[in-house]
Amino acid sequence: MRRGQLRVYLGAAPGVGKTYAMLNEGWRRAQRGTDVVVGYVETHGRANTLAQVRDLEVVPRRTLTYRGQRFEEMDIDAILERKPAVALVDELAHTNVPGSRNTKRYQDIDELLDAGIDVISTVNIQHFESLNDVVEDITGIKQRETVPDAFVRSAEQVEFVDQTPEALRRRMAHGNIYAAEKVDAALGNYFRVGNLAALRELGLLWIADRVDEALTEYREQHGIAKPWETRERVVVALTGAPGGDDLIRRAARMAMRTRGDLVGVHVLSDEGLVGHATNRLIAHRELLGELGGRYVEVQGADVASALVSTARNENATQLVLGASRRSRWTELTRGSIVNRVIRDAGGAIDVHVISTDVGNERDSALVRPKLRLAPISRTRQGVAFALAVFGLPALTFALTRIRDSLGLQNALLIYLLFVVAIATIGGLLPAVLASLMAFALLNWFFAPPIHTWTITNTRDVLALVSFIVVAGVISALVDLATRRRQDAYRARAEAEALATMSGTVLLDPEPLPKLVEELTERFRLDGVSILTATADEGWVVEAAAGTSPPTTPPETDHLLELPDHSVLAWSGGNLGPEDRETIGAFATQVALALVGRRLQNEAAGAAALSKANELRTALLAAVSHDLRTPLASIRAAATSLLADDVDWDRAAVKELLQTIDDEAERLNTLVGNLLDMSRLQTGTFSINARHVGLDEVVASALVGLHAPPERIYTDVPETLPTVVVDPTLLERAVANLIDNALSFSPLDRPVRVEAGVVNETVHLRVIDEGPGIPQHDRERIFQPFQRAGDKPNGEGVGLGLAVAKGFVEAIGGDLDVEDTPGGGTTMVITIPLDEP
């Protein structure tokens with residue numbers, strides 16, 4: 001089935017005319033014979049908008065009831081059953097009322113599109129998910145209803161309905177958008193000129209990007225390689241060379257003057273324009289980002305071709321290069337990159353060659369690259385030089401004995417083999433020396449006239465010149481092959497290291513220590529550390545290895561940033577560019593390990609929460625006995641009172657009613673503790689602190705207990721200073737403590753509640769003379785669902801003290817347990833005398 005097409009009218013703010021344009025488009029299509037229905041339209045009481053519905057068919061809305069109120073939503077089932085060719089659906093980002101089939105209206109529209117129905121809709125720029133935070137910063141209002149950018153981008157057509165801020169404010173002032181009583185508030189808040197201008201710019205930029213995407217797609221489909229100057233783009237070549245920062249700033253100014261885009265390109269190649277990633281190149285990349293540019297890295301053997309190709313792919317209009325710092329000899333032998341770029345660019349791209357001042361830079365490696373030789377050990381080079389210095393004279397001495405029968409040509413071949421052997425052993429430099437020495441020895445001892453530097457035979461001259469050329473070429477090729485072999489060995493070693501790291505990250509439960517150890521051993525570093533920044537601007541060592549691992553970033557000059565505010569720091573070691581690239585790969589694995597550890601911690605937290613939920617379920621199942629006990633007593637007493645076959649006297653009726661009252665109060669306390677514990681564990685209660693006297697708090701707590709007056713003695717003077725607490729939470733905590741003390745105190749010994757000031761704090765003591773609490777149980781009693789062993793079964797579920805401690809700590813106090821002199825337990829609430 002054909003999927004329907006989506007057309008969206010985009011606006012910068014409410015009232016620009018999106019719904020008006022949508023209805024007009026629907027009516028025009030209906031006039032051309034298209035089957036159009038209005039699936040949902042929101043006129044907001046605007047008469048002009050309502051008039052645009054005209055004679056279009058409107059699908060009745062579906063009515064839903066939510067929280068006692070009635071709401072109207074689009075009836076998607078009715079539209080699917082009606083199956084028109086086009087459906088007009090207003091407010092793309094709308095959130096449906098709970099109970100609807102889909103949560104968001106764009107999901108309803110997606111269903112209509114899947115059914116082959118074309119949809120025309122509307123949306124404001126502030127509802128885009130990617131711009132939600134930006135809009136909040138501009139307007140101060142967080143948009144609750146958002147739509148994914150990808151859904152709008154998938155639309156076949158997006159049309160921007162534009163109005164200037166001044167015109168929109170005039171519409172508002174004329175009452176064409178909001179009711180008259182809302183106009184002044186809107187003009188002074190959301191509809192300020194600055195807000196509307198900023199939202200308008202966001203909308204225009206979004207549409208410009210959308211148009212640019214469509215243009216790029218069109219050029220690709222039609223094979224158009226020549227840039228179209230629809231929008232200025234400046235591409236600057238980044239090499240990491242001295243003076244590159246001036247080049248970037250010049251390109252940024254060019255882009256700024258034309259209001260164009262800035263793109264920095266780095267070509268990975270062995271040629272002179274660009275090289276391996278260096279610290280300077282990293283700095284240039286950071287500068288490019290600060291100036292609003294975008295970084296692109298490409299691979300290319302031919303630097304000029306890669307730069308021009310990238311510029312064309314970016315649809316660039318200008319390409320900025322630094323002036324070549326190659327020597328004349330290098331340009332003659334290897335060609336000029338700048339000239340090749342100008343030739344390849346043709347007339348489609350303007351090429352700017354900028355001369356930069358490198359000052360007194362000492363990093364000449366980037367200006368005039370050194371000759372790269374094969375990485376051969378000093379021992380092998382020493383052997384090769386010894387063979388050249390001593391072996392060639394010995395070979396010459398042996399060959400001169402058979403000179404008459406050997407001939408010059410055969411001698412040339414023997415010397416050539418010897419030079420190749422030296423090149424294989426020691427590389428290019430010993431081979432060059434051997435070639436020059438062999439040339440001289442052949443000339444002196446084998447080219448007639450012998451023992452002179454003159455050569456009479458032209459063929460002998462040609463043979464000797466050919467020898468020196470062939471020897472040099474073969475030496476260079478042997479050296480190149482040696483370098484390639486070493487590069488292959490290095491690549492294999494790096495691949496093995498990366499494979500080992502990947503296995504460590506995947507299989508080891510704690511891979512960070514092994515990763516830093518591997519990094520230290522492989523590169524012979526003095527120390528490696530993974531450091532994480534703390535909230536107080538300090539650093540925590542996550543893992544370390546080596547003899548002197550750094551503990552803070554200032555202790556080392558080598559850092560790589562990692563996720564979660566972490567860095568990889570190392571000290572020591574003589575690292576080249578290739579080593580740094582490998583360390584970058586190590587850092588990627590370390591970053592994966594850090595992310596994996598964070599996810600593992602989150603999973604462990606989820607597992608702990610799951611266990612807590614299981615424990616809570618089991619404990620609540622055990623608590624069911626304590627819930628049923630008071631209910632059983634209440635039901636028994638009520639059933640007795642309702643019985644017709646028993647004539648209860650007045651005293652019995654009072655006793656049964658008292659039982660119902662006591663058990664209901666007990667049940668209320670138990671349920672209250674359960675709810676309080678749940679609030680404490682989920683952190684869903686709020687603190688409303690104010691000045692309050694402790695005498696008022698204790699009096700309120702006693703009222704809720706319904707305890708006989710003779711069982712409680714209070715000594716809380718009214719002259720005590722007030723404390724800044726939440727009185728409701730403190731009252732609940734005191735009531736639980738007193739109730740707990742009453743449960744354990746003998747009936748002939750009252751519970752005492754006393755208060756006083758001690759060292760800038762107020763102490764509230766709840767004192768009982770019961771059996772007391774052993775020292776080893778004093779931490780356990782504040783845990784949920786814990787009851788002392790000698791407490792009668794069925795009286796509480798062990799939540800009173802846990803709730804009391806949680807509430808006291810929530811208001812900034814502390815709850816401790818002390819022994820009562822003579823036996824018993826004293827609960828001490830300590831509250832600081834802080835000013836609010």
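Before moving on, here are some points about what is shown:
- Sole exception among (1) surrounded by 16 or more Cβ atoms within 10 Å (Cβ to Cβ); (2) modelled with pLDDT under 75 for residue 233, by number: (2)
- Taking the listed residues 247, 202, 187, 238, the one that is in contact with a Leu (Cβ under 9 Å, 6 or more places away or on another chain), surrounded by 15 or more Cβ atoms within 10 Å (Cβ to Cβ) and modelled with pLDDT under 85 is 202, with no other qualifying.
- Test: residue in the stretch 490-511 that is surrounded by 13 or more Cβ atoms within 10 Å (Cβ to Cβ), under 30 Å from residue 432 (Cβ atoms) and either among the acidic types (Asp, Glu) or modelled with pLDDT under 80 (or both): yes
- Qualifying residue in the stretch 489-497 (condition: of a type in the set (Lys, Arg), closer than 30 Å to residue 522 by Cα, assigned to a helix (DSSP H, G or I) and in contact with a helix residue (DSSP H, G or I) (Cβ under 9 Å, 6 or more places away or on another chain)): yes
- Residues in the stretch 45-64 that are farther than 21 Å from residue 83 by Cα, free of Cβ contacts under 8 Å to residues at least 12 places away in the same chain and under 44 Å from the mean Cα position of the chain (by Cα): none.
- Residues satisfying the stated conditions in the stretch 21-37, i.e. touching a residue at least 40 places away in the same chain (Cβ under 8 Å) and either closer than 19 Å to residue 157 by Cβ or part of a loop (DSSP other than H, G, I, E, B) (or both): 21, 22, 23, 25, 26, 29, 34, 35, 36
- Scanning the stretch 75-105 for residues that are open to solvent by 60 Å² or more (accessible area, probe 1.4 Å) and more than 20 Å from residue 27 (Cα to Cα) yields 77, 81, 98, 99, 101, 103.
- Residue list for the stretch 814-824, restricted to those being open to solvent by 10 Å² or more (accessible area, probe 1.4 Å) and under 18 Å from residue 782 (Cα atoms): 814, 816, 817, 818, 819
- Some residue of the stretch 477-489 being of a type in the set (S, T, N, Q), within 19 Å of residue 387 (Cβ to Cβ) and buried (at least 16 other Cβ atoms within 10 Å of the Cβ): yes
- Among (1) in contact (Cβ under 8 Å) with a residue 12 or more places away in the chain; (2) open to solvent by less than 50 Å² (accessible area, probe 1.4 Å) - the single one residue 760 does not satisfy: (2)
- For the condition at pLDDT below 90 and of a type outside the set (S, T, N, Q), residue 4 does not qualify.
- Conditions (1) open to solvent by 50 Å² or more (accessible area, probe 1.4 Å); (2) out of contact with any Lys or Arg (no Cβ under 8 Å at 6 or more places or on another chain); (3) modelled with pLDDT under 75; (4) over 16 Å from residue 519 (Cβ atoms); number of the one not met by residue 603: (3)
- Qualifying residue in the stretch 161-173 (condition: within 14 Å of residue 200 (Cα to Cα), modelled with pLDDT of 90 or more and not hydrophobic (A, V, I, L, M, F, W, C)): no
- The stretch 151-184, residues that are farther than 30 Å from residue 108 by Cβ and either in contact with a Pro (Cβ under 8 Å, 6 or more places away or on another chain) or open to solvent by 60 Å² or more (accessible area, probe 1.4 Å) (or both): 166, 169, 170, 173, 174, 180, 181, 184
- Taking the conditions (1) within 32 Å of the chain's Cα centre (by Cα); (2) surrounded by fewer than 18 Cβ atoms within 10 Å (Cβ to Cβ); (3) at pLDDT 90 or above in turn, residue 116 satisfies each one other than (1).
- If the condition is being charged (D, E, K, R) and surrounded by 13 or more Cβ atoms within 10 Å (Cβ to Cβ), then the stretch 9-41 contributes 18, 25, 29, 35.
The values are calculated or read from the model by the stated rules, or taken from the named source; none is laboratory data. On a predicted model such as this, the values are computed, not experimentally measured, just so you know. Cβ: placed from backbone, ideal geometry, glycine included. Neighbour counts: every protein chain shown. Calculation scope for accessible area: heavy atoms of the full protein, side chains included, ligands and nucleic acids excluded. Shrake-Rupley method; radii C 1.70, N 1.55, O 1.52, S 1.80 Å.
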